[in-house]
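Structure in structure tokens, see below.
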Amino acid sequence: MKAYFGRRYMMSASHRLHTDALTAEQNRAAYGKCNNPHGHGHNYVVEVLAGGAVNAETGMVVDMAALDKTVQAMVLERFDHTNLNLDPLFVNRVPTTENLCRAVFELLKDALPAGDLAYVRVEETENNFFQCDSAN
């Protein structure tokens, strides 16, 4: 039987939604106020869900401290209090929260200390969230 363990993390980052593939007018039409030349920021909530067999000795799916260490090193140290547009992952990709969610999933999928990454969910605002899972 597979069990799941989820953990939430918080980070703040800024971005500007803009692509050189579109004209200035097309960027404004596509991204609205998120195309502001000065950018804007969010207090993101990143949720990580890992699943696997429950360890017979510890009774846990994932060691929470090891998961925290991995997320801290791979995600929070990289993105917290940064401008996402300046990160190498977004040089050729618009730093939408959809793309941020995909990037976090890719960074973590092979890095977890135990368990399989079931999904990553990134909450941008109290109304907007995005999710990537192993089926994507």
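All of the numbers you see were taken from the coordinates with simple rules; none came from a lab. Note that the structure is a prediction, hence the values are computed from the model and not measured. No Cβ is skipped: glycine too gets one built from the backbone with ideal geometry, and neighbour counts run over all protein chains shown.
Please give the contour-minus-distance gain from Asp80 to Met1: 0.36 nm per residue of separation, less the Cα-Cα distance, rounded to one decimal in nm.
In short, 24.9 nm is gained.
Do you know the relative contact order of the range 2-133, to the nearest whole percent, from alpha carbon pairs under 8 angstrom that are 6+ apart?
Across the range 2-133, relative contact order equals 32 percent.
Once both labels are modelled 7 Å past Cα along the beta-carbon direction, what's the Ala66-Arg28 spacing in nm?
A separation of 5.3 nm, rounded to one decimal place.
Just for the range 3-130, what percent of DSSP beta bridges are antiparallel, to the closest 5?
Rounded to the nearest five, the antiparallel share is 90 percent.
Still on this model: Hydropathy at least 1.0 by Kyte-Doolittle, axial extent at least 15 angstrom from the Cα trace: which helices of the chain, defined as entire DSSP H runs, fit?
none
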